[in-house]
Every structure is written in structure tokens, then in C-alpha cells.
Amino acid sequence: MVDMKRSTQDGSSTDLAPATLAVRAGEQASLAHGATQVPIVYSAAFGYPDVDAWLDVALGRAPGHIYSRNTNPTVHAFEEKVRILEGAEAATSFSTGMAAVSNTLFALLAPGDRVVSIKDTYGGTNQLFVDFLPRIGVRVDLCDTSDHEQIEAAITEGCSLVYLESPTNPTLKVMDIARLSAAGHEVGAIVVADNTFATPINQNPLALGADLVLHSATKFLSGHADALGGVLCGAPPLIAKVYHYREITGASLDPMAAYLLIRSMKTLALRVRQQNANALTIARWLADQPAVAAVFYPGLETHLHHDIAAKQMRGYGGMLSFMLEGGFEAVKRVLPRLRLAHLAANLGAVETLAGVPATTSHVECSAEEREAMGIPEGLVRYSVGIEDAGDLMRDLEQAFAVA
Ligand SMILES: *Cc1c(COP(=O)(O)O)cnc(C)c1O
């Protein structure tokens, strides 16, 4: 967990813009020897000259680190950077995004609790909802993501936790975070939002009313598809509870991964702005292609939730999905012809990636479960990189020629 002191030397004062914070924030306390870059501190434990100094750190009376499963200087700088970009008071990190999701849910829920969420959360999160949480006596109600009245009504029946994800994976539905957070708070629930798709550049769920915001850092925060990680931000008492669970169960972020994530995040604002612009251009173009049956992108005026997206997001993100005339068979012919997209189960990277839900976001689910979640098998999930948008559209065009 982080110390709550705000340093101005490292650019963490709140009058600075996100692009500046992405470069500078959160690093000062972890810089040593005059290094301008956060060092990778590969030390399992940290030594003290005497028991009193050691006790002061152990009891939280002085800053410092004891053991790297709990806290580590490199990992701390990563947590600080995300915390400041999300406008949070505290943050803690995890080995993966799923560790962030599962540790948060298991730390905050107990037998007899009820969770309200949506049908099309990330596939791994859905498995926690339909399998692992019910096993410990937690009731989970998954609502139709397109129906805010239904979600609100389910919350109003009473629940201890509301779990939101927006935009969703892979159909890019948008949830009204302010409205559903207010409904959750009416019944005393904790509101958690997965902000992986939006990134803190495009959206800040805490400012919209959520209590906790989490990320799979593996995606846009990394942006280079070379590190796994997760992070959770929010108010100190909630973060302390989840931190304690992670400290004991042990899904800690590795210092090398933290270093890669810090380095990548320096270009987060640049990358996301380019991905926003590319995705909007490509989504508009796809909507006019005869080979394309449907396009899902919150930035399109025709999108089901465009109004909500316009209200709560500063940019619409780098993720889009589309369906081809000819369904799954057409998808299987077209995807291998893409020259400028890796066919791989990741997203948010500088390189464009394409895939189908059955092999990417919802590989953990059965075909029946995907059907129940409203996820068509013939959907192409397209994670737009930072390449030239014209090149990407020409690449799609030549691939569509076989459809
Ligand atoms: C990938 C992803 C996760 C899980 O993150 P991992 O780092 O793969 O464990 C959670 N939520 C969303 C929205 C994701 O895209």
C-alpha cells in the first residue's frame, strides 16, 4: 500500500495534466543514487540498523519497505503513478489483472453477500461470478448490460457490492458509472469499476462516483504486450483491506514487471490519444464497408450508449469490434489475411491485434456461456494500435476481399 503523502517534486500535485503526470508522477520516493529512472530493486527483504527503526516501518510510523511480497520500491512507484492518474488516495498492485479482480472480490465479500454485475464482464471475471463466488455462498446477479433500468432495479433490491466494467469486452457497451454508483450507494454497496478499456486518460471512475477502480495493467498501461500486472485504486480503508488480502495470499507484482509498466506508462497519454483517433477513424470507415454487418464502437453516434460515453469519457478508446457478413466462416477466412494485426489474445498494445471472443476475452467460457452473455461467435475484436490509420484500413480492405 502507498503512503498518503503527496509529493510535489515528482509532479504529483493535482494541477498538472495527465500527460505530465504519466511521465513524472509517483517516482520521487523510489529514485536512488541520483538516478533519473526508477531502479529495479530486486531484493526480497530490506535491512535495518536496529529493531526500533525496523519497528517504525513495520508499524507504519515511518516510510520504508520490509519484504517484497508486501511492498517494494519499484512496485511502489508504479502504484503511485496509477494512483495519481486515477485521482485516488491509495493504491495497491497485483501480479495480473485477474489477481486484482479476484483479490478485490474475495477480500471484500463474505458468505451471504450479494453482488450485482453485468452479463458481459471480462471472461475471467465472469468465471468468478458464475463459479468461484457462488462456491463460498456469495450470490451474484448478472444483469443485461444494455438495460440500465434492470441493473438499477437489481441494485435497489439490496447488495453489498456493485461490479461495473465500461466499456465492456468485447461488445463495447457502456455503463453509466455515475448513475449506477449512486444507486449502489443508496443501498450501502461498494462500487468497483474495471477501467482497463478506457484507461485513466479517457475516464476516471472515482470522479464519477465509484469507490474502487481497477486495471489489468497488462493491456493499455503496459501498451507493449511484454508485462503482466494489475492495480487497484481508491480510499485508504478499502485499499488497506484488499492490500492485506494480497499481502497474505501473495499475488504480488514483480519488480521487473513494475519497471516495464512504469517505463511504458510514460507514453500512455500519447499512445491512447493515437489509439482513440485511429479507432474512431477505422470505426467510421468500417460502418460503410459492404463486407461488414455491424460495428461496435462507443464513439459512433449510432452506438447504443454513445450519449453515456460522451458524458463520462474524454476519448472513446482503442478497442472496437465488428461482425462480418457471412458470420464465423467469413471471420475464419479474413483474419489470417491481416498483415498488420497479430492474431493473439491480448489488447491495448502499440501493435494492432485481432481475435474472436472464443480465443481471447472469453476463452474461459463455453459456447453456451458466451451465447448467454450475448457475445456472438462471429464477432471480430480489433485492438487498434498506433500504426497509421490509412495503412490499417488498407490492410482490412485487402483481407475483406476474400469474405
Ligand atoms: C485482460 C483483462 C482482465 C484480466 O487481466 P490479466 O492481466 O489478463 O489477468 C480484466 N479485465 C479486463 C477488462 C481485461 O481486458
Among (1) crowded, with 18+ Cβ neighbours inside 10 Å; (2) among the aliphatic types (A, V, I, L, M); (3) over 30 Å from residue 322 (Cα atoms), the one test that residue 256 misses: (1)
Checking residue 218 against (1) more than 25 Å from residue 347 (Cβ to Cβ); (2) surrounded by 17 or more Cβ atoms within 10 Å (Cβ to Cβ), the condition it does not meet: (1)
Qualifying residues in region 223-238 (those that are under 14 Å from residue 94 (Cα atoms) and buried (at least 24 other Cβ atoms within 10 Å of the Cβ)) - the one farthest from the ligand (Cβ to nearest atom): 233
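Quick check on residue 383: is it within 16 Å of the ligand (Cβ to nearest atom) and in contact with a Phe, Trp or Tyr (Cβ under 8 Å, 6 or more places away or on another chain)?
Working: within 16 Å of the ligand (Cβ to nearest atom): yes; in contact with a Phe, Trp or Tyr (Cβ under 8 Å, 6 or more places away or on another chain): no.
Judged against the criteria, residue 383 is not a match.
Checking the condition modelled with pLDDT of 95 or more and within 15 Å of the ligand (Cβ to nearest atom), which residue from 116, 101, 57 passes? Step through it out loud before you land on a result.
Values: 116 fails: within 15 Å of the ligand (Cβ to nearest atom); 57 fails: within 15 Å of the ligand (Cβ to nearest atom).
Result: 101 is the single residue among 116, 101, 57 that is modelled with pLDDT of 95 or more and within 15 Å of the ligand (Cβ to nearest atom).
Identify the residue in region 179-212 that is within 12 Å of the ligand (Cβ to nearest atom) and part of a strand (DSSP E or B) and, among all such residues, is farthest from residue 381 (Cα to Cα). Let's see the steps before the verdict.
Residues of region 179-212 within 12 Å of the ligand (Cβ to nearest atom): 192-199.
Imposing the further condition that a residue be part of a strand (DSSP E or B) reduces the set to 192-194.
Details: 192: 25, 193: 21, 194: 18 Å.
It comes out as 192.
Here's a check for you: in region 50-107, which residue that is aliphatic (A, V, I, L, M) and not in a helix (DSSP H, G or I) is surrounded by the most Cβ atoms within 10 Å (Cβ to Cβ)?
First, the residues of region 50-107 that are aliphatic (A, V, I, L, M): 51, 53, 55, 57-59, 62, 66, 75, 77, 82, 84-85, 88, 90-91, 98-101, 105, 107.
Next, from what is left, pick out any that are not in a helix (DSSP H, G or I): 59, 62, 66, 88, 90-91.
Details: 59: 8, 62: 13, 66: 15, 88: 25, 90: 21, 91: 27.
Going through the qualifying residues, I end up with 91.
The values are calculated or read from the model by the stated rules, or taken from the named source; none is laboratory data. In this text, all values refer to a predicted model and were calculated from it rather than measured experimentally. Neighbour counts are summed over all protein chains in view; Cβ atoms, including those assigned to glycine, are modelled from backbone coordinates with ideal geometry.
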